[in-house]
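A short worksheet on the structure shown next.
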Amino acid sequence: MTKMHIKLTVNGRAVETLAEPRMLLIHVLREELSLTGPHIGCDTSHCGACTVDLNGKSVKSCTVFAAQANGATILTIEGMAAADGTLHPLQEAFREHHGLQCGFCTPGMITRAYRLLQENPNPSEAEIRAGISGNLCRCTGYQNIVKAIRAAAERMSTSKEAAE
Amino acid sequence: MSAAAETAEARTQKLEGLGTKRKRVEDARFTQGKGHYVDDIKLPGMLFGDFVRSQYGHARIKSIKKDAALALPGVVAVLTAAELKPLKLHYMPTLAGDVQAVLADEKVLFQGQEIAFVVAQDRYTAADAVELIEVEYEELPAINDPTKAMAPNAPVLRDDLAGKTEGAHGKRKHHNHIFTWEVGDAEATTSALARAEVVAKERIVYQRVHPCPLETCGCVASMDKINGHLTVWGTFQAPHAVRTVASLISGIPEHKIRIISPDIGGGFGNKVGVYPGYICSIVASIVTGVPVKWIEDRMENLLATAFARDYHMTGEIAATKEGRITALRCHVLADHGAFDACADPTKYPAGFFSICTGSYDIPVAHLTVDGVYTNKAPGGVAYRCSFRVTEASYFIERMIDVLARKLQLDPAEIRRRNLIRKEQFPYHSALGWEYDSGDYLTALDKALKTVDYAGLRDEQRRNRAAFARGETRQLMGIGVSFFTEIVGAGPIKNCDILGLGMFDSCEIRVHPTGSAIARLGTISQGQGHATTFAQILASEIGIPAANITVEEGDTDTAPYGLGTYGSRSTPVAGAATAMAGRKIRAKAQMIAAYLLEVHDDDLEWDVDRFRVKGAPERFKTMAEIAFAAYNKVPPGMEPGLEAVSYYDPPNMTYPFGAYVAVVDVEVDTGVTQIRRFYALDDCGTRINPMIIEGQVHGGLTEALAIAMGQEIAYDEFGNAKNVSLLDFFLPTAVETPVWETDHTTTPSPHHPIGAKGVGESPNVGGVSAFSNAVNDAFAHLGLVHTAMPHDHWRVWKTAKSLGLVS
Amino acid sequence: MQSQRQAVDFGYLPRRGRIILEATGASSRPDVNSGEHSARDTPREEQKVIPAPFDYHRPRTLDEAIALLAAHDEAARIVAGGHSLIPMMKLRLAAPEHLIDLQDVAELRRIGGDGPALVIGAMTSQQEVIASALLAAKCPILRETALQIADPQVRALGTIGGNVANGDPGNDMPAVMMALDAHYRVKGPDGAREVAARDFYLGSFDTALKPGEILTAIVIPAPPEGHGYAYEKQKRKIGDYATAAAAVILTVAQGRCTAASVALTNVAPTPLFVAASGQALVGTRFETSAVAEAVRHATTLAHPAADQRGPAEFRTHVAGVMVRRAIERAKARAA
């Protein structure tokens, strides 16, 4: 089958690539665009290590064809920090609160937490746990991840208040 | 502040040494998506390799039709056993003295076994090619039940072992038998059991599970034909051992092989062994002359890579009427699947299962283990535990509870009566181990007090009465677990893997401007070695941890080590690190004495400097000494400031802990809520409390999964169940409770910094605590023992068998 | 949404299909008694997790989509949210040569009223269902159910149309639609028609959709204000299909049940509408005996497959517990 022309906006930049229609978005991101932050951890759309932000939604990029994403705006972990290198409060909070160990689930986890906090800026512990229930971690037992997200939420709402 | 004026306390803080909650240096790259895992590697001309795998659990291969696959554009090669045979690579040695088929030779022995290796230009083409290969099978009867493996008329599994009555571990008594291992005093145990006032007997099965790290196994093999140099990046928990094994198998000399473990997304034991994918990738790279990448799917990982447990244990425990244990007997039937690919020290085909006397003072004991072959995936490995230690711990912790039931004693009380006393250390167990140190009663008391154990038992009494009155359909369970682990393998005299002694190493080089690089023989898969080993060194040599780079995983630069698994890094490589640091400091002392024009003995160490005794204003900091090492060393001394230590530990270490789990079991649905989980760990000296806590959280979560739902089961045809994440139970953040962690500190007397290792303790202690809790919920109604996993339907079945549900 | 019959020929169901179907609790296989495993079960034929090649189409209108479907006939499949289809395509259980993506068909994406009925466009995502103030007010069982489907990422893309149309017995919305007595609007080359949810499900992955038809909207007669509702689902973990689940809609007047409907998820090759359960409640005050009878009708009708969630007997028992709890919760909510 012939390849399609895929146009995406990824982490603020317009990119183009050629891909077979059947090529999964995760493979296009990792192999064509060299964005190896999102990872593959399973075959059945469970683990969430491949999570990216697509058109304002948390999406498992292993369950989306690049063709379906044609024209979309995508944010991956590589786009979370500011252009000048300032880390996103989530990235800092994960480090501060030991919310990662082997790092494999981390890009998907942080990207998901980002959208969670956009949708719910002040989540309770239960809401955070439900909010990340599409992201599996084998190392941390989630406790410090929840702490990190809670801390980032607080910091983000404080700076939002300060800005207003 | 000037170097002189800073207080010792301030300088200590600056070091971020032992005991500091130092933030991790690894996090910078992981939180920005700049980790470097095997599947991130992209090399020019790289091809992709993929397997055709067996449909059946046991079958003859009648034919393999490769033509359609070879005709597909982009397919470069298809390897089968036929191509590997002339190279004698169709079988490879396992870490347990057996051999394993790299590609199935005439016969398949487990569902998912590797039959052919396709090499293509990308993973999509490789997948298409795999689908085009046709294998014709003649199905054979399969064995999925180890208790049937040694039946007189059991099917023959290992044609390649026909006629071999001796295995790597002694005599084989049946064509499906692998080894018998025995330790302890059979006669004394038999007679103690015969004389005993009380004997409790129980069959305890620890189901087959799988470490399932989030990153699957894989490698990139790159043969440089011009220089005759092989480089392999891969998910290797023991890169040096892989290099040696690769050299022995391939004939390429070891100095021409470079093994690199990059970032690894979790290991948990799954990534210790050598898999057919690694061998096939190497062969394919040699044949094609370009790099070949192999990355398995999740289902392949669960189907074919090293499983854990599958231990079928029968225990007999003898005691006085007061509950004082007098003897223990255990027989284990160990299901190793189709090939014994267990990752154990050579002399221990059942690992350290003989720690199964646990934390208890048991005067006589006897253990026999029979390993057998079945039509299941080969293995097994130590999944988040030391070798077979979680099996041993689960066994004794259940047996203690079973005995408690029989004697109508409280499970905490019976433990109190039998725990090894502090004055008994170093304690020589009836099965041959010398436990280095422990203060068990202090830990037990602290745990029980913190959870208000007496209050919990009162609450349970009220709950049981309310249940009997029909006021509630929930039963409360309290599970106690007091484990002793044996980790840090180990002394060369009894611990080796394929003849490689299980020492470990650290090599340090201090730079002129006072920073340093240290390389170790271990390899982190998330444990944070780059952070914690720098802390050990910082405390030893007085250079801030932030100024010490720690590297692991590249066999070209790292000193030889046996890798990271079985909680051995801190006990062995951590010791090597401290010892190498002391060598550095010893040389530094001589340089400082020379600079200060005093005798070595006139100096004392003060956090980050040597100062003159009695004249503390005269000192030299490590930074000053470092520079001097490059231009002003005493006559006769070599310049430079570097040291290496290869550490042969005198003993294993013995971390221990007291865990309490509180659960509420809903009898109508079999659903168990984890109400509370308290974990007290004693890992000796605590290097980084933040990291320890993280390890405990993670290990407990894995324990929850194992106890409450995880298993790899096979039906009678050899079909594997639960080999995708739809059914293989990995809890999400919703199923995972909040973990309460606590500690006591009983340093190891033989370890240079008194540390014992902690990464796997929570999995060991956690499984027993959960299982004891679920069993405890029904204990008052007559339940003696029900097996894991305690998933909904099994718990409901137990409730039904006790007449609790209509 | 289109029936999967065309892409999955039951005469030769790829072996992996049995593994996945088994995992969702479906029991329909051509050579198997429903509710039991075949003696010769699932030798593993699946190999990789990469889809087979296909051509991709993204129509802008419904008619364009229907035309494409007609043009490519059996070789084409519709993709909505993709979270049922794409996992199957990755395992090559489904291998359409043409994939027709409905994401740009604007008319399929709406939530609105139509007189006394609610109309939900087929391409409405589960996340949009959860966020809809209208649905939360008028038909809150939908939100309660959607929150129990899969996980947040799957809900962001997974559609309610896909959930009701593909005939997967593990899906949660079909039973809810049966309880609500919803109707599905479908359109094909021969025009538009409506099918009652209660008549829509014929077998595992087998629905009343004719070749070339697309499910375009769900029409729900809005339950009366103050109605009671509950969707009670037992599962092994977040993201799992139901061990068993029950949907209950009822109305109460002066303590007496005036209307009730009960439906079950994942305890048969199709969702089950248990008319007798509802009838057993009407006119009663939800006495223990009445609820027990409603439960009994449900457990009599349920015939789940044994799977990794448990033996058939267990899953049937859980179905009964779910029905009882759903009735209790619905009753408590009814004004």
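The values are calculated or read from the model by the stated rules, or taken from the named source; none is laboratory data. Fair warning: this is a prediction, and the values are worked out from it, not measured in the lab. Neighbour counts are summed over all protein chains in view; Cβ atoms, including those assigned to glycine, are modelled from backbone coordinates with ideal geometry. Each accessible area value is taken on the protein alone, full model and side chains, heavy atoms only, with ligands, DNA and RNA left out. Shrake-Rupley method; radii C 1.70, N 1.55, O 1.52, S 1.80 Å.
The residue list B:Arg208, B:Arg203 contains one member that is in contact (Cβ under 8 Å) with a residue 24 or more places away in the chain, open to solvent by 30 Å² or more (accessible area, probe 1.4 Å) and under 28 Å from the mean Cα position of the chain (by Cα), which is B:Arg203. In the set A:Arg115, A:Arg138, only one residue is within 11 Å of chain B (Cβ to nearest Cβ) and basic (Lys, Arg); that residue is A:Arg138.
Just need a number here: residues in segment B:595-619 that are over 24 Å from B:Gln535 (Cβ atoms) and open to solvent by less than 60 Å² (accessible area, probe 1.4 Å). Let's see the steps before the verdict.
Keep residues of segment B:595-619 that are over 24 Å from B:Gln535 (Cβ atoms), which gives B:595-603, B:612-618.
Subset that is open to solvent by less than 60 Å² (accessible area, probe 1.4 Å): B:595-596, B:598, B:600, B:603, B:612, B:615.
Qualifying residue count for the region: 7.
Against the conditions (1) under 16 Å from C:Asp104 (Cβ atoms); (2) in contact (Cβ under 8 Å) with a residue 60 or more places away in the chain, A:His46 satisfies every one except (1).
So which of B:Glu702, B:Glu711, B:Glu716, B:Glu693 ends up being open to solvent by 10 Å² or more (accessible area, probe 1.4 Å) and within 14 Å of chain A (Cβ to nearest Cβ)? Steps first, please.
Values: B:Glu702 fails: open to solvent by 10 Å² or more (accessible area, probe 1.4 Å); B:Glu711 fails: within 14 Å of chain A (Cβ to nearest Cβ); B:Glu716 fails: within 14 Å of chain A (Cβ to nearest Cβ).
Exactly one of B:Glu702, B:Glu711, B:Glu716, B:Glu693 is open to solvent by 10 Å² or more (accessible area, probe 1.4 Å) and within 14 Å of chain A (Cβ to nearest Cβ), namely B:Glu693.
For segment B:34-64, a residue qualifies if it is open to solvent by 40 Å² or more (accessible area, probe 1.4 Å), within 14 Å of another protein chain (Cβ to nearest Cβ) and among the basic types (Lys, Arg), and the qualifying residues are B:Lys34, B:Lys42. The one condition from (1) within 14 Å of chain B (Cβ to nearest Cβ); (2) part of a loop (DSSP other than H, G, I, E, B) that C:Val321 does not meet is (2). In segment A:53-130, counting only helices (runs of 4 or more DSSP H) that sit wholly within it, the ones holding 1 or more residues that are surrounded by 20 or more Cβ atoms within 10 Å (Cβ to Cβ) and touching a Pro at 6+ places or on another chain (Cβ under 8 Å) span A:66-69, A:106-119. Within segment B:672-690, the residues that satisfy the criterion of being surrounded by fewer than 24 Cβ atoms within 10 Å (Cβ to Cβ) and not in a helix (DSSP H, G or I) are B:Gln673, B:Ile674, B:Arg675, B:Arg676, B:Tyr678, B:Thr685, B:Arg686. So, B:Pro731, is that one without any contact (Cβ under 8 Å) to a residue 60 or more places away in the chain and either under 30 Å from B:Asp145 (Cα atoms) or open to solvent by less than 10 Å² (accessible area, probe 1.4 Å) (or both) or not? Yes, satisfied. The condition (being closer than 26 Å to B:Pro349 by Cβ, open to solvent by 30 Å² or more (accessible area, probe 1.4 Å) and more than 11 Å from chain C (Cβ to nearest Cβ)) is satisfied by just one residue among B:Asp145, B:Asp67, B:Asp98: B:Asp145.
With respect to being acidic (Asp, Glu), surrounded by fewer than 21 Cβ atoms within 10 Å (Cβ to Cβ) and within 13 Å of chain A (Cβ to nearest Cβ), C:Glu97 fits the description. Reported count of residues in segment C:183-200, each being crowded, with 24+ Cβ neighbours inside 10 Å and within 18 Å of C:Pro169 (Cβ to Cβ), is 2. Of B:Ala142, B:Ala82, B:Ala149, all but one fail to be farther than 24 Å from B:Val242 by Cβ, touching a His at 6+ places or on another chain (Cβ under 7 Å) and modelled with pLDDT of 95 or more; the exception is B:Ala142. Against the numbered list (1) assigned to a strand (DSSP E or B); (2) modelled with pLDDT under 95, B:Ala365 comes up short only at (2).
Before we move on, is C:Pro96 at pLDDT 50 or above, outside any helix (DSSP H, G or I) and not assigned by TED's automatic domain parsing to the domain that holds C:Ser125?
Values: at pLDDT 50 or above: yes; outside any helix (DSSP H, G or I): yes; not assigned by TED's automatic domain parsing to the domain that holds C:Ser125: yes.
It is true that C:Pro96 is at pLDDT 50 or above, outside any helix (DSSP H, G or I) and not assigned by TED's automatic domain parsing to the domain that holds C:Ser125.
For segment B:3-24, state whether one or more residues are of a type in the set (A, V, I, L, M, F, W, C), closer than 30 Å to A:Glu96 by Cβ, in contact with a Ser or Thr (Cβ under 6 Å, 6 or more places away or on another chain) and within 14 Å of another protein chain (Cβ to nearest Cβ). No: segment B:3-24 contains no residue that is of a type in the set (A, V, I, L, M, F, W, C), closer than 30 Å to A:Glu96 by Cβ, in contact with a Ser or Thr (Cβ under 6 Å, 6 or more places away or on another chain) and within 14 Å of another protein chain (Cβ to nearest Cβ). Would you call B:Ala221 more than 14 Å from chain A (Cβ to nearest Cβ), part of a helix (DSSP H, G or I) and among the small types (Gly, Ala, Ser)? No, not satisfied.
Residue pairs whose Cβ atoms lie under 8 Å apart, separated by 6 or more positions or on different chains, with the first residue in segment B:250-279 and without any contact (Cβ under 8 Å) to a residue 40 or more places away in the chain and the second buried (at least 19 other Cβ atoms within 10 Å of the Cβ) and charged (D, E, K, R), are B:Glu254/B:Arg243. Residues in segment B:555-572: is at least one over 28 Å from B:Ala308 (Cβ atoms), surrounded by 20 or more Cβ atoms within 10 Å (Cβ to Cβ), modelled with pLDDT of 95 or more and touching a helix residue (DSSP H, G or I) at 6+ places or on another chain (Cβ under 6 Å)? No: segment B:555-572 contains no residue that is over 28 Å from B:Ala308 (Cβ atoms), surrounded by 20 or more Cβ atoms within 10 Å (Cβ to Cβ), modelled with pLDDT of 95 or more and touching a helix residue (DSSP H, G or I) at 6+ places or on another chain (Cβ under 6 Å).
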